[in-house]
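This report concerns only the one structure given below.
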Amino acid sequence: MSKEIFISYSRRDTEFVTRLASDLDAQVAGVWFDQSTIQLGENWHAEIMDGIRECKAFILVLSPDAAESKYVREELNKALELGKIIFPVIYRAAKWADEIEALVKEIQTLDLRSGSYTDNFQKLVDGLIEAGAAKTTNEIPFLRQPVKTPLNIVLSKIPGWAFAWSLGWLVFWVVAVIFLAVLVANQSGLKGEDLLNFILILICAGIGGFSGGLLAGLFTMLALRPNAPSIAWKHMSPAIRIWGISGPLGILISGLITIITLAIGPVSTQTTIPNCVGFRDCVTKVIETEPEKYIGILILTLIVFLLFVFVTWFLTGMFAGWLAVRHIRRLEPGITNRQAWSVSAGWGCGAISAAVVMIFLLGILSSLQQR
């Protein structure tokens, strides 16, 4: 097997290094790292030293764990001793010391946290070509050509996000329904009608989460289009856990804002709305008595209600999107701040969509149930 390029790294960065090695090996040159060819029973230390001796270029993937690894330091010292061409690549920043600090200061370093993975990969390929460690042809190297991920690959990832979202929304609404069930049981006891209502809430939550996930997934994949080929279920599935955390936070904030607004805000209804039971009863009494007296407060109530719902869930969605980007960056360290903001904004819009669809469906189903 060709060993033109040797990669030195910490085992904690294996996920990213495996992807980098695969891309280099498939498109540029033969790549060797400790998990690629060492077989059971072989002397792994000797194999690694042979790999360094035979390579034309030595890629050092830098991270806090790599900086503390004695094996990485040993491999680096061997490469320096043999006079190998070294390419320091910063995957995760840390405080460098000794040989690594000197290396980062003296040699042009590639920082993967700045710019997209594709752009940084192109810079690395150009350097490897200059070092004679990459396969070349008479044609322009593939990364010097316009690189654009096909739209069908981007769109094919969206259903996965929608499915993950729907599961995530169900998780936190199951918790909310259990809490409501306990409250109802303590006050008046659970009835068949209550159980039916709880089931309807969960059904609407799942549908709402799926619709929000479609929108959020579209924003996410369009923002991360260069990275789309490597986005997989392992990057989507954390949305379940993320919404399990973010969802209750959104509900809590919404509830607090509602209580405060009704208590001291412009929509206080203690003295302005006639005595009534339920929304439909209140609307009927307002229309039958003095509509001109209450129409203003009803409109203002609706506006404020929609405002706090939209703002709260948009911010909650942005927070969830930020958590998702943090996870995706494990494999795509070069995701720019602009891309991250686009993903977060998309998740914010998705959260609003999920909440609105859920409320809309609950309203329709409640109306049909009352008939």
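Limited to segment 198-234, what total is found for residues that are open to solvent by 10 Å² or more (accessible area, probe 1.4 Å) and of a type outside the set (Lys, Arg)? Write out each step before concluding.
Step one: filter segment 198-234 for residues open to solvent by 10 Å² or more (accessible area, probe 1.4 Å), giving 198-203, 206-207, 210-211, 214-215, 218-219, 222-223, 225-226, 229-230, 232-234.
From what is left, the residues that are of a type outside the set (Lys, Arg) are 198-203, 206-207, 210-211, 214-215, 218-219, 222-223, 226, 229-230, 232-233.
Number of matching residues: 21.
I need the full set of residues from segment 79-97 which are open to solvent by 70 Å² or more (accessible area, probe 1.4 Å) and either in a helix (DSSP H, G or I) or in contact (Cβ under 8 Å) with a residue 60 or more places away in the chain (or both), in order please.
Result: LEU80, GLU81, ARG92.
Given VAL356, VAL343, which one is open to solvent by 40 Å² or more (accessible area, probe 1.4 Å), β-branched (Val, Ile, Thr) and at pLDDT 85 or above? Working first, answer last.
Numbers: VAL343 fails: open to solvent by 40 Å² or more (accessible area, probe 1.4 Å).
Step by step, each of VAL356, VAL343 is checked, and only VAL356 is open to solvent by 40 Å² or more (accessible area, probe 1.4 Å), β-branched (Val, Ile, Thr) and at pLDDT 85 or above.
Can you give me the number of residues within segment 134-170 that are basic (Lys, Arg), modelled with pLDDT under 90 and not in a helix (DSSP H, G or I)?
Let us first name the residues in segment 134-170 that are basic (Lys, Arg), namely 135, 144, 148, 157.
Checking which are modelled with pLDDT under 90 leaves us with 135, 144, 148.
If we keep only those that are not in a helix (DSSP H, G or I) as well, we get 135, 148.
Residues that pass the stated criteria total 2.
For segment 110-121, what are the residues that are touching a residue at least 24 places away in the same chain (Cβ under 8 Å) and open to solvent by less than 60 Å² (accessible area, probe 1.4 Å)? Write out each step before concluding.
Of all residues in segment 110-121, those touching a residue at least 24 places away in the same chain (Cβ under 8 Å) come to 112-121.
LEU112, GLY115, SER116, TYR117, THR118, ASN120, PHE121 - these are the residues of segment 110-121 that are touching a residue at least 24 places away in the same chain (Cβ under 8 Å) and open to solvent by less than 60 Å² (accessible area, probe 1.4 Å).
Cβ-Cβ below 8 Å, separation at least six or inter-chain, first residue in segment 201-214 and of a type in the set (Ser, Thr, Tyr), second assigned to a helix (DSSP H, G or I): which pairs?
Partner pairs satisfying both residue conditions: SER211/ALA162; SER211/SER353; SER211/ALA354; SER211/VAL357.
Evaluate segment 244-252: report whether one residue or more is surrounded by 18 or more Cβ atoms within 10 Å (Cβ to Cβ), touching a Phe, Trp or Tyr at 6+ places or on another chain (Cβ under 8 Å), within 30 Å of PHE121 (Cα to Cα) and of a type outside the set (A, V, I, L, M).
no
Residue by residue, here is whether (1) within 17 Å of ILE242 (Cβ to Cβ); (2) open to solvent by less than 40 Å² (accessible area, probe 1.4 Å); (3) at pLDDT 90 or above holds:
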| residue | (1), (2), (3) |
| --- | --- |
| GLY317 | yes, yes, yes |
| ALA324 | yes, yes, yes |
| ILE328 | yes, yes, no |
| LEU365 | no, no, no |
| LEU368 | no, no, no |
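Could you identify the single residue in GLU68, GLU81 that is at pLDDT below 90 and more than 23 Å from PRO229 (Cβ to Cβ)? Full working, then the answer.
Details: GLU81 fails: at pLDDT below 90.
On inspection, the qualifying residue turns out to be GLU68.
Name the residue, out of VAL277, VAL304, VAL283, that is modelled with pLDDT under 60, more than 27 Å from ARG241 (Cα to Cα) and in a helix (DSSP H, G or I). Can you show your working first?
Values: VAL277 fails: in a helix (DSSP H, G or I); VAL304 fails: modelled with pLDDT under 60.
From the options VAL277, VAL304, VAL283, the qualifying one is VAL283.
Restricting to segment 68-78, what's the tally of residues that are under 14 Å from LEU103 (Cβ atoms) and either open to solvent by 10 Å² or more (accessible area, probe 1.4 Å) or assigned to a loop (DSSP other than H, G, I, E, B) (or both)?
The first filter runs over segment 68-78 and keeps only residues under 14 Å from LEU103 (Cβ atoms), leaving 72-73, 75-78.
Checking the rest, the ones that are also either open to solvent by 10 Å² or more (accessible area, probe 1.4 Å) or assigned to a loop (DSSP other than H, G, I, E, B) (or both) come to 73, 75, 77-78.
Total meeting the criteria: 4.
The values are calculated or read from the model by the stated rules, or taken from the named source; none is laboratory data. Fair warning: this is a prediction, and the values are worked out from it, not measured in the lab. Cβ coordinates were reconstructed from backbone atoms using ideal geometry, including for glycine residues, and neighbour counts include every protein chain displayed. What goes into the accessible areas is simple: the full protein's heavy atoms, side chains included, and nothing from ligands, DNA or RNA. Shrake-Rupley method; radii C 1.70, N 1.55, O 1.52, S 1.80 Å.
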